[in-house]
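Trainee: Quick one: the structure is below, questions incoming.
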Amino acid sequence: MMDVPTVISTLAPLNGVYFSIDDLELYATKVLDQGRHLSVWGPDGPRSYVLYYENEREFFVSMVWTHPSDRGQGLATDLLRELARIAKRARKPIRLSTREDNPATSLYRGLGFLDRSRTDGQLTMQRPLRVAVMQPYAFPYLGYFHLIEASDTFVFYDDVNYIPRGWINRNNVVSDGVPHRFTIPVSKASQNSLIRDVRPAIDEQWLRKFSSTLEHSYRKASYRREATDLVMSVVSTPHDSIGALAISSIVRVYEYLNLPMPTTVTSSELGIPSGDGGPGQRLCDITHSLERDAYVNAAGGRVLYDKADFARLGVDLSFVESRFTPYSNGSDFLPGMSIIDMLMHCSPAQVADQFATFHFD
């Protein structure tokens with residue numbers, strides 16, 4: 001149990017190094033009385049904790065502490081990720097203040113905190129509410145879910161051109177140890193068709209073939225029944241567009257994992273026109289329309305978008321760097337497969353853990 005003596009005893013050896021607190025007892029009493037905490041405990045006491053406050057506008061991190069013998073094990077990272085999930089549900093940013101020379105600043109930046117101001121060697125950082133925009137993909141790969149997790153509002157970009165032979169209705173599962181492409185059939189679409197206007201063309205023959213593919217490919221997978229039921233329920237349900245089907249596939253994954261999704265909306269619903277301001281202009285306009293000033297993009301967007309260009313438009317641009325951790329799938333690990341492969345082999349808790357294997361840049 002977190003109490004005043006515990007806070008005092010853990011912080012006293014560090015007081016005056018990366019922070020300076022005149023009265024530790026007064027500090028501990030106040031933060032435990034008026035604030036909240038997240039913590040990890042061992043048999044001999046706390047291993048790591050985060051002390052924080054919440055008000056109407058934001059969360060404020062007052063202290064991040066890890067026992068010296070537990071540093072480098074990711075305990076504080078996990079606690080701050082949990083706080084980020086809490087803040088996402090509350091739709092509030094997170095702020096903290098630390099010494100500029102504190103080594104933890106690199107950790108904070110990797111978790112999405114931005115430098116906001118500097119005063120007399122003190123650095124104020126904020127994890128803002130971010131917008132992400134991406135075309136809806138059916139059962140996308142893990143990196144797509146990392147982008148969703150990195151955002152607080154996710155916009156499905158459905159009023160842009162459908163790309164034949166793109167990834168909106170195609171992906172790979174693993175069959176006999178090698179990638180196997182599946183394609184969800186759609187009605188004939190011109191090169192100018194919008195994603196929202198392209199209709200699925202799924203029939204009983206295709207459903208039987210796809211079900212057979214999953215059965216053959218994952219006959220030995222630990223969670224094949226649960227995952228197959230999820231996938232087939234999505235593709236068997238009529239949808240007005242391939243975009244709607246793709247969105248449904250993503251929402252159903254979150255429901256299966258019992259994870260909260262960020263706020264979602266389609267670009268069609270927002271109705272923001274394409275401007276003449278060059279790459280990123282519309283994305284910034286969408287961000288501002290949602291009353292946000294921070295945008296996050298997949299790492300591949302570096303070839304298209306520049307942080308300085310976004311800054312001139314009043315938006316902080318960040319990128320998501322994904323880490324693909326191997327999981328047991330009965331063969332050599334193949335990164336970048338459809339989320340279907342992970343759902344087949346991993347428990348919901350294991351998949352949820354994989355959703356956190358990313359950092360900001």
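Trainee: Please give the calculated 222 nm ellipticity per residue for the chain, where each DSSP H segment of at least 4 residues contributes -39500 (n - 2.57) and the sum is spread over every residue; nearest 500 deg cm²/dmol?
Mentor: Helix-only estimate at 222 nm: -10000 deg cm²/dmol.
Trainee: Would you report the distance distribution of C-alpha pairs in the chain as whole percents per 20 angstrom bin, up to the bin with the largest distance?
Mentor: For the chain, the pair-distance distribution reads 26, 51, 21, 2.
Trainee: Further question: Taking 2.2 N^0.38 Å as the expected size of a compact globular protein, what ratio does the Cα radius of gyration of segment 4-127 give against it, to two decimals?
Mentor: 1.01
Trainee: Let me ask another. Using only Cα atoms, locate the centre of segment 121-144 and the centre of segment 240-286, then give the distance between them in Å, rounded to an integer.
Mentor: Segment 121-144 and segment 240-286 have Cα centres spaced 13 Å from each other.
Trainee: Hey, can you rank 63-73, 154-164, 134-144 by average C-beta count inside 10 Å, highest first?
Mentor: Highest mean packing first, the order is 134-144, 154-164, 63-73.
Trainee: Translational diffusion coefficient of segment 2-77 at 25 °C, 0.890 mPa s, Stokes-Einstein with Kirkwood Rh over Cα pairs, in µm²/s as a whole number.
Mentor: D, rounded to a whole number, is 189 µm²/s.
Trainee: Continuing with this model, one more query. Given R₀ = 30 Å, what would the calculated FRET efficiency be for E226 paired with A90, taking r from the Cβ atoms and rounding to 0.05?
Mentor: For R0 = 30 Å, the calculated efficiency reads 0.45.
Trainee: Also, quick follow-up: Between E215 and S187, what's the calculated FRET efficiency when r is the beta-carbon distance and R0 is 30 Å? Round to 0.05.
Mentor: 0.65
Trainee: Between Y256 and N161, what's the calculated FRET efficiency when r is the beta-carbon distance and R0 is 30 Å? Round to 0.05.
Mentor: It comes to 0.45.
Trainee: Considering only DSSP beta bridges whose two residues both sit in the chain, what percent are antiparallel, to the nearest 5?
Mentor: Among the beta bridges of the chain, antiparallel pairing accounts for roughly 65 percent.
Trainee: Let me test this: with uniform point scatterers at the alpha carbons of segment 243-361, what is the Debye-based log₁₀ I(q)/I(0) at q = 0.18, 0.22 1/Å?
Mentor: The computed values of log10 I(q)/I(0) come out as -1.11, -1.29.
Trainee: For segment 277-347, compute Rg over Rh where Rg is the Cα radius of gyration and Rh is the Kirkwood radius from the inverse mean 1/r over Cα pairs.
Mentor: Looking at segment 277-347, the ratio lands at 1.18.
Trainee: Could you estimate the translational diffusion coefficient of segment 155-271 from the Stokes-Einstein equation, with Rh from the Kirkwood formula over C-alpha pairs, at 37 °C and 0.692 mPa s, in whole µm²/s?
Mentor: Answer, rounded: 213 µm²/s.
Each value in this text was obtained by applying a stated rule to the coordinates, not by laboratory testing. Keep in mind it's a predicted model, so treat the numbers as computed, not measured. In this analysis, Cβ positions are derived from the backbone assuming ideal geometry, glycine residues included, and neighbour counts consider all displayed protein chains.
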